[in-house]
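This report concerns only the one structure given below.
The values are calculated or read from the model by the stated rules, or taken from the named source; none is laboratory data. Predicted, not measured: the structure shown is a model, and the values here were computed from it. Counting neighbours? That spans all protein chains shown, and the Cβs are built from the backbone with ideal geometry, glycine included.
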Amino acid sequence: MKPVKIAMVGCGGRAGYHGAGAENSPLVEITAWTDIQRERTEQLAQRHGGRVVKSYDEVLKDDSIEGVVLALPHSVHHEFGMKAARAGKHIAMEIPITLTLKEADELIAATERAGLKLLVLHSLRFHWLFRYVKQLLASGVLGKPFLVRYHSEHYVPADYFGRQPGALATESGVLHDGDLLRWWIGEVEAITAVGMMLEPHSKNVDQYDHMTVLYELAGGVMGETTRNWITHPDELNQMVRASISCTEGTILMIGNDELRVFNQRDKKLTIVTQASADTASEGEMAHFAECIRGKPMVITPQDPRRALELTLAARESARQGRRIVFRG
């Protein structure tokens, strides 16, 4: 089978990641790259193969290109997605799907009418570590979960909001974390968030750089996530990124490389690494190509819409100081 030919639209950091992923798969080929900054576009095309295309419109007119990957500022996701749908191109895009639920509904409807795939790349669902936890919880070997926590800390430079006007702040962590909890446990029934503005540049633009969110999940499970944008990275600090307490055991995620699974029934601690896991990571570009060829998507368009809904609710909860309950 010939590889699916796609174009990379936006050539920042994530584009390089996807370029490397596509190179490692026989299923997909990035044949075109486009960005308003030509120098970095040329660098990626030289590194990973494919040609530089002057404009997005030129990409959309190319009948040899079946799909586009949108690695762009949040504020243009709807505009560029709708253009792709009108041009008959399948779409993979970075989170969020859009910035409003109305825009999300319009984009989902446009792709459904055209019979196109819309894959929003909630990247944690593709990583072996998170997939292994999903598999472990589904097996029931540790009993029923009752508390799940997930933390992420990194540093965002002071000019971030200037470079990404209109972008979501730390509440955007809910796009990843809220989706992760839904995927692992079940639907979110209520949400309560507390946001803080700690850095001067965050206060200047009235945006949160730290947010903690409490989730009330299906089956009475409680969840808690924290996103912090003020912690400078330290590769030696392998923090506990996630912990899941179950009736018959506990799962600890150490950094992004290791799980420690304690089974209370036999008092056994198992350390799981990628080398020992029976669950592999799945390439995002390879999965996009398989979806275009008819494979079911690991993330339906309704999943990123729901993640956006949770994100907007977290921001509203933090701003208004109240618990938000979801109906239906």
(request) Determine the pairs where a residue that is assigned to a loop (DSSP other than H, G, I, E, B), located within the range 150-168, has a partner that is at pLDDT below 75 and surrounded by fewer than 10 Cβ atoms within 10 Å (Cβ to Cβ) with Cβ atoms under 8 Å apart, the partner being 6 or more residues away or on another chain. (result) His154/Pro233
(request) Return yes or no: is Ala313 of a type in the set (A, V, I, L, M), farther than 16 Å from Val120 by Cα and in a helix (DSSP H, G or I)? (result) yes
(request) Test each condition in (1) under 30 Å from Gly220 (Cα atoms); (2) among the hydroxyl-bearing types (Ser, Thr, Tyr); (3) not in a strand (DSSP E or B) for Thr98 and report the one that comes out false. (result) (1)
(message) Residues that are of a type in the set (Asp, Glu) and closer than 21 Å to Ile95 by Cα: does the range 25-43 have at least one?
(response) yes
(request) Would you check which residues across the range 117-131 are outside any strand (DSSP E or B), touching a helix residue (DSSP H, G or I) at 6+ places or on another chain (Cβ under 6 Å) and not basic (Lys, Arg) and list them? (result) Leu121, His122, Leu124, Phe126, Phe130
(message) Just checking, does the range 234-245 include any residue being polar (S, T, N, Q), more than 21 Å from Leu137 (Cβ to Cβ) and surrounded by fewer than 16 Cβ atoms within 10 Å (Cβ to Cβ)?
(response) yes
(request) Please give the strands (runs of 3 or more DSSP E) falling wholly within the range 220-287 in which 1 or more residues are at pLDDT 95 or above and on the phi > 0 side of the Ramachandran plot. (result) 249-254
(message) Which count do you get for residues in the range 1-29 that are more than 17 Å from the chain's Cα centre (by Cα) and surrounded by fewer than 21 Cβ atoms within 10 Å (Cβ to Cβ)?
(response) 11
(request) Test Arg182 against the criterion of being outside any strand (DSSP E or B), of a type in the set (Lys, Arg), modelled with pLDDT of 90 or more and touching a helix residue (DSSP H, G or I) at 6+ places or on another chain (Cβ under 8 Å), and give yes or no. (result) yes
(request) Quick one: which residue in Asp105, Asp177 is at pLDDT 95 or above and either in a helix (DSSP H, G or I) or in contact with a strand residue (DSSP E or B) (Cβ under 8 Å, 6 or more places away or on another chain) (or both)? (result) Asp105
(message) For Met253, only one of the following conditions fails: (1) of a type in the set (A, V, I, L, M); (2) closer than 29 Å to His18 by Cα; (3) in contact with a Gly (Cβ under 6 Å, 6 or more places away or on another chain). What is its number?
(response) (3)
(message) Being small (Gly, Ala, Ser), in the same structural domain as Gly19 (by TED's automatic domain parsing) and in contact with a helix residue (DSSP H, G or I) (Cβ under 6 Å, 6 or more places away or on another chain) is true for just one of Ala87, Ala109. Which residue is that?
(response) Ala87
(request) Working carefully through the options Arg305, Arg322, find the one that is of a type in the set (Lys, Arg) and touching a Leu at 6+ places or on another chain (Cβ under 9 Å). (result) Arg305
(request) List every residue pair whose Cβ atoms lie under 8 Å apart, where the two residues are 6 or more positions apart in sequence or sit on different chains, the first residue falls within the range 95-120 and is among the polar types (S, T, N, Q), and the second residue, located anywhere, is in a loop (DSSP other than H, G, I, E, B). (result) Thr111/Lys117; Thr111/Pro301
(request) Specify the residue that is surrounded by the fewest Cβ atoms within 10 Å (Cβ to Cβ); the eligible residues are those in the range 58-90 that are of a type in the set (Asp, Glu) and touching a strand residue (DSSP E or B) at 6+ places or on another chain (Cβ under 8 Å). (result) Glu58
